[in-house]
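Undergrad: The following block contains the structure, expressed as structure tokens.
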Amino acid sequence: DYKDWIKIQLLKSKLIGLQVQSKVTVTDEEIRKYYQAHIDEYKGYTEYYLRHILLPFPSTDEDKKRLIYVQQEILRLLKEGISFPELAQKYSQAPTAKDGGDLGWIKARELTPGIRNIVILLQPGEISPWIKTHSGFQLIQLEKRRKVPGKTFSEAKEEIYKLFYQQKMEERYRQWLTQLREKAYIKILL
């Protein structure tokens, strides 16, 4: 049974190869046009390794007073030399708190404009002022910054080829299935 199943799978694969894959072509012109149209994606960019402490919005006047106190206390402890990750573990209400507020490497374009405008001005090791965001008040530390070089056309060519090939193959496969359904003769006996 297993040998028969393998044989059927190989036959299916050959049939799809003949009917679909052999009829898919991607030209250099298409690749070049795509590269030119998406040149911004292939430019170099800057990534930032960030940590954060998140304090949620207060709901009562008493919570507002406590929030201000906690914000000041965190800044005081940072000035005294307590590490940012340690304070994030203790005070942050974000899911990343247990990891010391570790956000990892983030591209500048992935940050919200309010945070991006502050982060790009920070130097490694510096900490932002408290930032009001949609999820609460955040304190952000820039640990590291790195420049990721862009890709030339020749470096991006294979990546773009695979993208086009996959898209065209899926489209050709759908067309082939549609043609098979149109040619099929189905007789329903009840």
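The values are calculated or read from the model by the stated rules, or taken from the named source; none is laboratory data. Bear in mind the structure is a predicted one, so any value in this text is a computation, not a measurement. Using ideal geometry, Cβ is built from the backbone for each residue, glycine included, and neighbour counts are taken over all protein chains shown. Ligands, DNA and RNA are stripped out before the accessible areas are found, and what is left, the full protein with its side chains, is counted by its heavy atoms. Shrake-Rupley method; radii C 1.70, N 1.55, O 1.52, S 1.80 Å.
Undergrad: Restricting attention to segment 4-22, which residues are among the polar types (S, T, N, Q) and touching a Phe, Trp or Tyr at 6+ places or on another chain (Cβ under 8 Å)?
TA: Q19
Undergrad: Restricting to segment 117-143, count the residues that are part of a strand (DSSP E or B) and either open to solvent by less than 80 Å² (accessible area, probe 1.4 Å) or of a type in the set (G, A, S) (or both).
TA: 11
Undergrad: Just to be sure I understand, how many residues within segment 50-70 are hydroxyl-bearing (S, T, Y) and either surrounded by 14 or more Cβ atoms within 10 Å (Cβ to Cβ) or in a helix (DSSP H, G or I) (or both)?
TA: Selection size over segment 50-70: 1.
Undergrad: Further question on the same structure: Give me a count of the residues in segment 89-115 that are touching a Ser or Thr at 6+ places or on another chain (Cβ under 8 Å), part of a loop (DSSP other than H, G, I, E, B) and open to solvent by 50 Å² or more (accessible area, probe 1.4 Å).
TA: Residues meeting the conditions: 1.
Undergrad: Any chance you could count how many residues in segment 67-78 are more than 13 Å from S128 (Cα to Cα) and out of contact with any Pro (no Cβ under 7 Å at 6 or more places or on another chain)?
TA: 7
Undergrad: Give the residue that is modelled with the lowest pLDDT, with candidates limited to residues of segment 14-44 that are open to solvent by less than 70 Å² (accessible area, probe 1.4 Å) and among the polar types (S, T, N, Q).
TA: Restricting to residues being open to solvent by less than 70 Å² (accessible area, probe 1.4 Å) and among the polar types (S, T, N, Q), the top hit is Q19.
Undergrad: Of the numbered conditions (1) under 27 Å from L67 (Cβ atoms); (2) touching a Leu at 6+ places or on another chain (Cβ under 9 Å), K98 fails exactly one; give the number of that condition.
TA: In the conditions (1) under 27 Å from L67 (Cβ atoms); (2) touching a Leu at 6+ places or on another chain (Cβ under 9 Å), K98 misses (2) alone.
Undergrad: Sticking with this structure for a sec: Taking the stated definitions as given, is E73 assigned to a helix (DSSP H, G or I), farther than 26 Å from V148 by Cβ and acidic (D, E)?
TA: Spelling it out, E73 is indeed assigned to a helix (DSSP H, G or I), farther than 26 Å from V148 by Cβ and acidic (D, E).
Undergrad: So which residues in segment 144-164 are in a strand (DSSP E or B), among the charged types (D, E, K, R) and surrounded by 12 or more Cβ atoms within 10 Å (Cβ to Cβ), if there are any at all?
TA: Of everything in segment 144-164, just one residue is in a strand (DSSP E or B), among the charged types (D, E, K, R) and surrounded by 12 or more Cβ atoms within 10 Å (Cβ to Cβ), namely R145.
Undergrad: Considering only residues of segment 3-40 that are of a type in the set (A, V, I, L, M, F, W, C) and touching a helix residue (DSSP H, G or I) at 6+ places or on another chain (Cβ under 8 Å), which is nearest to Y173 (Cα to Cα)?
TA: The selected residue is V20.
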